[in-house]
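Beneath this line is the structure, given in structure tokens, with notes to follow.
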Amino acid sequence: MKKLRALAMVLLPPAMATVAAADTVRLAVTTSTDNSGLIQAVLPEFERSAGIRVQVIAAGTGRALQIGRRGDADAILVHARDLELAFMESGHGAHRREVMFNDFILAGPAADPAGARDAATAADAFAAVAAAGEGGGARVESDGTDVEDGDSAVIFVSRGDQSGTHRRELKLWRAASVAPGGDWYREAGQGMGKVLLIASELGAYVLVDRGTWLAYRGRAALAVLAEGDAALRNVYSVITVNPQKNPHVNNKGARKLVDWLTSRAGQRAIGGFRIQGEVLFHPLVHPR
């Protein structure tokens, strides 16, 4: 299995303190909510209304949960239900609320050499990509041009980082009865925006959340090939870190943030965030 080397290191902000300040909430979020622009759009309203500054730490879901376990965040916004429930059951989380949803799409070259767009389900689309990738041959760029380079005719780029998107991808491979590997399967170990751009450069297939897709679609030369399947629904939850495990966290501020995100004002801000007129995230507590 080929590994794509990390293009940059994601570092925690140097201002992160061991003890949380009362007027600051440290929020670990997924790269999808950060790359899409949602966080930057909605949090200023909370900061103005609550008089609390939010320090954002962008990471994949798996890493965000690790940050929470260490008490290096007061709250986390993630999208992997099984990991969230394990986090709560182990006592690391104090309060969990589902906040919003979007969905995943399978994007790939418009020429679609794997025939994924003709599949009946998302799992079938993944199976088609694997079958074509394992077939080998000339690679097809996103514009349909054949490139005789000895690589697989089809490439799939994976987050490969235990993020919520990566875990959903692995779940879809299992549903397709595929154990991905070999030259056609590349793990990037990057955030969603970077992975989408890597896939675009390679003329590859990629699983991406719709929010990041809409935010980057002008920069990614790929097409939507599979969408709408119930298996692609993507729910986000906000969790406060348990102060009994980490007494230094700003639990009071974190609860204020959770209350605001699930209030009518917060849900209105989430649902009102659009790119070119399209809603990226749909509120769950107070649906529009």
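What to note about this one:
- Rounded to the nearest 20 debye, dipole of the range 160-212 from Cβ charges on Lys, Arg, Asp, Glu: 240 debye
- When the chain is described by a simple charge dipole with +1 on each Lys and Arg Cβ and -1 on each Asp and Glu Cβ, the residue from Leu222, Phe281, Ala119 located farthest towards its positive end is Phe281.
- Per residue, the chain exposes 42 Å² of solvent-accessible protein surface, assessed with a 1.4 angstrom probe and all protein chains in place.
- For the chain, size of Cβ-based charge dipole, Lys and Arg +1, Asp and Glu -1, in debye: 1400 debye
- Overall, the ratio between the Cα radius of gyration of the chain and 2.2 N^0.38 Å, rounded to two decimals, is 1.03.
- Of the solvent-accessible surface of the chain, computed with a 1.4 Å probe and all protein chains present, 50% belongs to carbon and sulfur.
- Cα gyration tensor shape for the range 164-288, rounded if a/c is under 1.5, else prolate or oblate: prolate
The values are calculated or read from the model by the stated rules, or taken from the named source; none is laboratory data. Every value quoted in this text rests on a predicted model; they were computed, and no experiment measured them. Note that we place each Cβ from the backbone using ideal geometry, even for glycine, and neighbour counts take in every protein chain shown. For the accessible areas, the whole protein counts, side chains as well, though only heavy atoms, and no ligand, DNA or RNA atoms are used. Shrake-Rupley method; radii C 1.70, N 1.55, O 1.52, S 1.80 Å.
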